[in-house]
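Here the structure is laid out as structure tokens; the discussion comes afterwards.
The values are calculated or read from the model by the stated rules, or taken from the named source; none is laboratory data. Keep in mind that this is a model prediction, so the values were computed, not measured. Reconstructed Cβ throughout: ideal geometry from the backbone, glycine too, with neighbour counts over all protein chains shown. Heavy atoms of the whole protein, side chains included, go into the accessibility calculation; ligands, DNA and RNA do not. Shrake-Rupley method; radii C 1.70, N 1.55, O 1.52, S 1.80 Å.
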Amino acid sequence: MLKPVVKGRGRVRAEVVRLDSPVSFLGDLNPETGRLAGVDVAGKVVSLPYVRGSTVGPYVLWGAARRGKAPLAIVAEKLDLMLVSACVLAGVPLFQGRLESGCVYIDLETGAYDKC
């Protein structure tokens, strides 16, 4: 089970996009297309080691959410204040843990998940 940090609602089926390198929302996320480090993450669960970057990053994720281009949820191995702030501001559920690429059914409140 993943540890919920910023909870969502419902249980959904989603594709997991696993990124093996840390990213910065400022510079790596295009809020108009939903591409993060060159990969389409809009409506998908993003699993990554951690994020890096500045205090502007949360506003970039918020801009993507406003356009309907944000990830469905983010799973990070390491958390920091900027990532938590970004998810709260954008309304994107955040979990601590790790997922591999593939398909999952995930409870956005508890972090419980099963592979599809």
Q.
Computing the accessible area with a 1.4 Å probe over protein heavy atoms, can you report the carbon and sulfur percentage for the chain?
A. 51 percent
Q | Principal-axis tilt of helix 57-66 within the chain, Cα atoms, nearest 10 degrees | A | 70 degrees
Q: State the extension gain, in nm to one decimal, for the chain segment bounded by Glu32 and Met1, taking 0.36 nm per residue of separation less the distance between their alpha-carbons.
A: 8.0 nm
Q) Which Cys in the chain stand alone, with every other cysteine's Cβ at 4.7 Å or more from theirs? A) Cys87
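Taking only the Cα atoms of the stretch 51-116, how large is their convex hull per residue, in Å³?
91 Å³
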Q.
Just to confirm, what accessible area per residue do you get for the chain at 1.4 Å probe, in whole Å²?
A. 50 Å²
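Kirkwood hydrodynamic radius of the stretch 1-58 from all distinct Cα pairs, in Å?
Kirkwood radius, the stretch 1-58: 12.7 Å.
Where does the charge balance sit around Gly34 when Lys and Arg score +1, Asp and Glu -1, over other residues with C-beta under 11 Å from its C-beta?
Around Gly34, the surrounding residues sum to +2.
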Q: Using a 1.4 Å probe and ignoring any ligands, DNA or RNA, find the accessible area of Asp20 and quote it in Å² to the nearest 10.
A: 120 Å²
Q: Please identify which residues in the stretch 3-18 have an amide N closer than 16 Å to a label point set 7 Å out from the Cα of Cys116, following the Cα→Cβ vector.
A: 11-18
**Q.** Asp20 versus Thr55: modelled label distance in nm, points set 7 Å from Cα along the beta carbon direction
**A.** 3.5 nm
(Q) Using only Cα atoms and rounding to the nearest 10 degrees, what angle (0 to 90) does helix 81-90 make with the longest principal axis of the chain? (A) 80 degrees
Q. Using θ = phi - 60° and the Karplus curve 6.51 cos²θ - 1.76 cosθ + 1.60, what whole-Hz ³J(HN,Hα) does each residue of the stretch 23-40 get, with Gly and Pro shown as x?
A. 10, 10, 4, 7, x, 9, 10, 8, x, 8, 10, x, 9, 10, 6, x, 10, 6
Q. Once you wrap a convex hull around the alpha carbon atoms of the chain, what is its projected area averaged over all directions, in nm²?
A. 5.8 nm²
